[in-house]
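The values are calculated or read from the model by the stated rules, or taken from the named source; none is laboratory data. Computed from a prediction, not measured in an experiment: that's the story for all the values here. Methodologically, a virtual Cβ is constructed for each residue, glycine included, from the backbone with ideal geometry; neighbour enumeration extends over all protein chains shown. Please note that ligands, DNA and RNA were not included when accessible areas were found on the heavy atoms of the full protein model with its side chains. Shrake-Rupley method; radii C 1.70, N 1.55, O 1.52, S 1.80 Å.
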Amino acid sequence: MKVLVLSPYRSSIVSSVERCGDEVLVADKKINPEYISKNNIEYIVSFGYRYIITPETLDPVRGLAINLHISYLPYNKGAHPNLWSNAEETPSGVTIHKVDEGLDTGNILFQKEVPINQSVETFSSSYKLLVSEIERLFDLNWCYLRTGECSGWRQQGQGTFHYAREADALMSCLPSGWDTNIADFKRRYLEMIAAD
């Protein structure tokens, strides 16, 4: 099978795909239906890909497209899921889901809740933990996912969604950027909310 990995974080994902005997093509630029057809792509794996995959681009792979998202869907769809799970006290975790016409709205295929110790972790260290967990979940399940036999389950409940620009309002609560301790961020964030 020829698999397109759409990701700036390719090494572990590529290794998992190749271990099951699949051929891999990697891209992190915007793709279109012609790219899929020209390269005879049969399956798409998206992880940290910055562009929306259009329905027309998905048509040639007949629904064989998944996304690796570092949130516990339906919570924290969209941008900066690690930031928002800690800010809004929603579950933290990782999800492999089908790609559909929405943004992080497809059926959930595999999911794992990942507790974050806010007193110890920074946003940077917790992000690395979540990336490691999603890579492990993918590695354990790729040989099954590639068959297309898993239909998963619909996301339940409203969940949450955030645009990248929403994080701008919280930057004052991150004095050390992503290396800010999460508990310290929470204290500053609650003070900011109370002042509004």
Closer than 24 Å to Trp178 by Cα and in contact (Cβ under 8 Å) with a residue 24 or more places away in the chain, is that true of Leu58?
no
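Filter the range 147-196 for residues that are among the polar types (S, T, N, Q) and assigned to a helix (DSSP H, G or I) and give the result.
Our first condition is that a residue be among the polar types (S, T, N, Q); within the range 147-196, this holds for 147, 151, 155-156, 158, 160, 172, 176, 180-181.
Matches in the range 147-196: Ser172 only.
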If Gly177 satisfies every condition in (1) under 30 Å from Arg19 (Cβ atoms); (2) open to solvent by less than 80 Å² (accessible area, probe 1.4 Å) but one, which is the exception?
(1)
Flagged in the range 75-113 as in contact with a Ser or Thr (Cβ under 8 Å, 6 or more places away or on another chain) and part of a loop (DSSP other than H, G, I, E, B), in numbering order, are Tyr75, Asn76, Glu88, Thr90, Pro91, Ser92, Val99, Asp104, Asn107
Within the range 139-165, track down each residue that is closer than 20 Å to Cys20 by Cα and open to solvent by less than 70 Å² (accessible area, probe 1.4 Å).
Asp139, Asn141, Trp142, Leu145, Arg146, Thr147, Gly148, Cys150
Quick check: is even one residue across the range 49-65 under 11 Å from the mean Cα position of the chain (by Cα), open to solvent by 10 Å² or more (accessible area, probe 1.4 Å) and more than 15 Å from Glu133 (Cα to Cα)?
yes
Of the residues in the range 28-43 that are of a type outside the set (Phe, Trp, Tyr) and within 13 Å of Lys2 (Cα to Cα), the one that is most open to solvent (accessible area, probe 1.4 Å) is Lys38
Within the range 114-143, can you find the residues that are touching a helix residue (DSSP H, G or I) at 6+ places or on another chain (Cβ under 8 Å), within 13 Å of His69 (Cα to Cα) and aliphatic (A, V, I, L, M)?
Val114, Leu130
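Determine whether Lys128 is at pLDDT 95 or above, open to solvent by 70 Å² or more (accessible area, probe 1.4 Å), part of a strand (DSSP E or B) and within 28 Å of Ser12 (Cβ to Cβ). First the steps, then the outcome.
Working: at pLDDT 95 or above: yes; open to solvent by 70 Å² or more (accessible area, probe 1.4 Å): yes; part of a strand (DSSP E or B): no; within 28 Å of Ser12 (Cβ to Cβ): yes.
No; evaluated as a whole, the condition is false for this residue.
Quick one: which of Ser46, Ser12, Ser71 is closer than 24 Å to Ser92 by Cβ, open to solvent by less than 30 Å² (accessible area, probe 1.4 Å) and touching a helix residue (DSSP H, G or I) at 6+ places or on another chain (Cβ under 6 Å)?
Residue meeting the stated conditions: Ser71.
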